[in-house]
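*Asks:* Sharing a structure here in structure tokens format.
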Amino acid sequence: MSQKPQLPLDPARIRAAFPAFAEPGLKDQAFFENAGGSYISRHALERLDTYLTQNRLQPYGHFAASRTAGEAMDLAYERIAAALNVSPEWIVFGPSSSANTYTLGHAFAGWLKSGDAIIVTNQDHEANTGSWRKLAANGIEVREWTVDSQTGRLALSDLEALLDDKVRLVAVPHCSNIVGEINPVADIARLAHAAGAVVVVDGVSYAPHGLPDLEELGVDAWFFSTYKVYGPHQGVLAIRPELAAQLPNQGHFFNDAKPRYRLSPAGPDHAQIAATAGIADYLEYVAEIAGTSAEGDTPFKRAHAAMRAQETALLAPLLDYLRQRNDLRLIGPATLENRAPTIALATTEPGAVVARRLAERGIMAGGGHFYAWRLLEALGIAPEHGVLRLSFVHYTTPEEIDRLIEALEHELR
């Protein structure tokens, strides 16, 4: 077995924040499909329970319980904004990231003009790239920033070649849910802004590993799914208020002056909005555990640093093992630098078949195309065949990594 890594976060204290780890039905099950959704923290669960038991009514009314409900929702806007280092005016809640990007695409359809160009990638989850590609029906030129067919990487030089004064939008993933490489978003934003384009970033696969400072990244919109970040099932769209104000209203006409409503035509679940404040609570808990071992001038930055350091230490022995397996194709970087712990393997058998066998060994992994159909085609992998995906986060333990390696040794021969 691998040598135990030095970890900045005590796994026992971290896992104590997740009721799932005390569930008898999950005993001895190692969870390696976190890219599809993480366990929910007690911080978010407690806020959800409080809202549902004390304030399940229409918020923002004149009576006390209704006012309390509205205050709980307002707090979620404030807490998520603080975690992303933006003002609450940036934050829009929707039922999911797919719904948010669909709505955003419709809004941009009314903002862009025929003859304008946008840039999308084939590295994305379809919920991001598909929403933008539909704009071709409105006379918008859609340019594709394509990945390297061997590595899955997006080269900045290829983006520069696509940019000109016709480009109004660049849509890109912060991190692919297959490739696992963290894209240089700040550099992408600088290049796009220099050409006069706005930048919309799919942060869904990055967010479980730490919420970023959006002001530092310099993006115009960044979105993520809260159920992949230890919270309830919601989508958060953070969009620069100045940009949001320019986009056509997608909600009821009488809500045109209300920023929270303009890009969220279907009101998301009130209780889950309130519960999302628990994500920020949990990140502060992580920062408390990390103490002075993690750098950052806010609890959220310290949590981000500690989570990334924890995951990097856990990922090292797995990558060491996979590099020795010349019979396996690892998608994305084989090194720790700029690598999220989302590992996709092209296997001889369909990914779902291998995932089912791993499940018999108590390894909960995933197999399929994971809505990255275009990416798999670019990599020469039939989407129907798919890949085996092994994704973990900071609450994974070294012992679980050892169990995974042992299971791969038996099942991938």
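*Asks:* So for segment 102-111 (the condition being without any contact (Cβ under 8 Å) to a residue 40 or more places away in the chain, small (Gly, Ala, Ser), open to solvent by less than 40 Å² (accessible area, probe 1.4 Å) and over 15 Å from Ala221 (Cα atoms)), does at least one residue qualify?
*Replies:* yes
*Asks:* Here's something else I'd like to know. List the pairs whose first member sits in segment 332-361 and is at negative phi, whose second member is open to solvent by 40 Å² or more (accessible area, probe 1.4 Å) and part of a loop (DSSP other than H, G, I, E, B), and whose Cβ atoms are under 6 Å apart, counting only residues at least 6 apart or on separate chains?
*Replies:* Pro350/His385
*Asks:* A further question on this structure: Filtering segment 273-284 down to residues that are more than 18 Å from the chain's Cα centre (by Cα) and over 16 Å from Tyr39 (Cα atoms), which residue is most open to solvent (accessible area, probe 1.4 Å)?
*Replies:* Glu284
*Asks:* Can you run down the residue pairs with Cβ atoms below 7 Å, 6 or more apart or on separate chains, where the first is in segment 196-223 and farther than 23 Å from Val167 by Cβ and the partner is at pLDDT 95 or above and of a type in the set (Asp, Glu)?
*Replies:* These pairs meet every condition: His209/Glu311.
*Asks:* Taking Val229, is it open to solvent by less than 20 Å² (accessible area, probe 1.4 Å), within 22 Å of the chain's Cα centre (by Cα), under 26 Å from Leu52 (Cα atoms) and among the hydrophobic types (A, V, I, L, M, F, W, C)?
*Replies:* Against the criterion (open to solvent by less than 20 Å² (accessible area, probe 1.4 Å), within 22 Å of the chain's Cα centre (by Cα), under 26 Å from Leu52 (Cα atoms) and among the hydrophobic types (A, V, I, L, M, F, W, C)), Val229 qualifies.
*Asks:* Identify all residues within segment 50-97 that are among the charged types (D, E, K, R) and either open to solvent by less than 30 Å² (accessible area, probe 1.4 Å) or under 25 Å from Val219 (Cβ atoms) (or both); write none if there are none.
*Replies:* Asp74, Glu78, Arg79, Glu89, listed by residue number.
*Asks:* Among the residues in segment 383-406, are any under 20 Å from Glu126 (Cα atoms), assigned to a loop (DSSP other than H, G, I, E, B) and acidic (Asp, Glu)?
*Replies:* yes
*Asks:* Taking only segment 21-56 into account, find how many residues are among the acidic types (Asp, Glu), outside any helix (DSSP H, G or I) and in contact with a Gly (Cβ under 9 Å, 6 or more places away or on another chain).
*Replies:* 2
*Asks:* Looking only at segment 235-242, decide whether some residue is within 18 Å of the chain's Cα centre (by Cα) and within 23 Å of Phe392 (Cβ to Cβ).
*Replies:* yes
*Asks:* I've got another one for you. Ala287: open to solvent by less than 40 Å² (accessible area, probe 1.4 Å) and free of Cβ contacts under 8 Å to residues at least 24 places away in the same chain, yes or no?
*Replies:* The answer is yes for Ala287.
*Asks:* Examine segment 12-29 for a residue that is touching a strand residue (DSSP E or B) at 6+ places or on another chain (Cβ under 6 Å), surrounded by fewer than 18 Cβ atoms within 10 Å (Cβ to Cβ) and touching a residue at least 60 places away in the same chain (Cβ under 8 Å), and state whether such a residue exists.
*Replies:* Within segment 12-29 (the criterion being touching a strand residue (DSSP E or B) at 6+ places or on another chain (Cβ under 6 Å), surrounded by fewer than 18 Cβ atoms within 10 Å (Cβ to Cβ) and touching a residue at least 60 places away in the same chain (Cβ under 8 Å)), the answer is yes, since at least one residue qualifies.
*Asks:* Please state which one of Ala309, Ala382, Ala378 is in contact with a Pro (Cβ under 7 Å, 6 or more places away or on another chain) and not β-branched (Val, Ile, Thr).
*Replies:* Ala309
*Asks:* Pull up segment 154-176, narrow it to residues that are within 26 Å of the chain's Cα centre (by Cα) and without any contact (Cβ under 8 Å) to a residue 40 or more places away in the chain, then point me to the one that is surrounded by the fewest Cβ atoms within 10 Å (Cβ to Cβ).
*Replies:* Going through the qualifying residues, I end up with Ser157.
*Asks:* If I filter segment 292-302 for residues that are aliphatic (A, V, I, L, M) and assigned to a helix (DSSP H, G or I), do I get at least one hit?
*Replies:* no
*Asks:* Another question, then. Restricting to segment 374-395, give me the number of residues that are within 27 Å of Tyr230 (Cα to Cα) and in contact with a helix residue (DSSP H, G or I) (Cβ under 6 Å, 6 or more places away or on another chain).
*Replies:* Count: 8.
*Asks:* Continuing with this model, one more query. Take Ala72 and tell me if it is in contact (Cβ under 8 Å) with a residue 12 or more places away in the chain and either among the β-branched types (Val, Ile, Thr) or in contact with a Gly (Cβ under 7 Å, 6 or more places away or on another chain) (or both).
*Replies:* The answer is no for Ala72.
*Asks:* Looking at Leu247 and the list (1) open to solvent by 10 Å² or more (accessible area, probe 1.4 Å); (2) more than 25 Å from Phe370 (Cα to Cα), which single condition is not satisfied?
*Replies:* (1)
*Asks:* Step by step: first the residues of segment 250-272, then only those that are surrounded by fewer than 18 Cβ atoms within 10 Å (Cβ to Cβ) and closer than 12 Å to Leu104 by Cα, then the one that is modelled with the highest pLDDT. Which residue is that?
*Replies:* Gly251
*Asks:* Within the bounds of segment 199-222, is there any residue that is closer than 30 Å to Gly70 by Cβ and either over 18 Å from the mean Cα position of the chain (by Cα) or open to solvent by 50 Å² or more (accessible area, probe 1.4 Å) (or both)?
*Replies:* yes
The values are calculated or read from the model by the stated rules, or taken from the named source; none is laboratory data. Just so it is clear, the model here is predicted, and its values are computed rather than measured. Cβ coordinates were reconstructed from backbone atoms using ideal geometry, including for glycine residues, and neighbour counts include every protein chain displayed. Ligands, DNA and RNA are stripped out before the accessible areas are found, and what is left, the full protein with its side chains, is counted by its heavy atoms. Shrake-Rupley method; radii C 1.70, N 1.55, O 1.52, S 1.80 Å.
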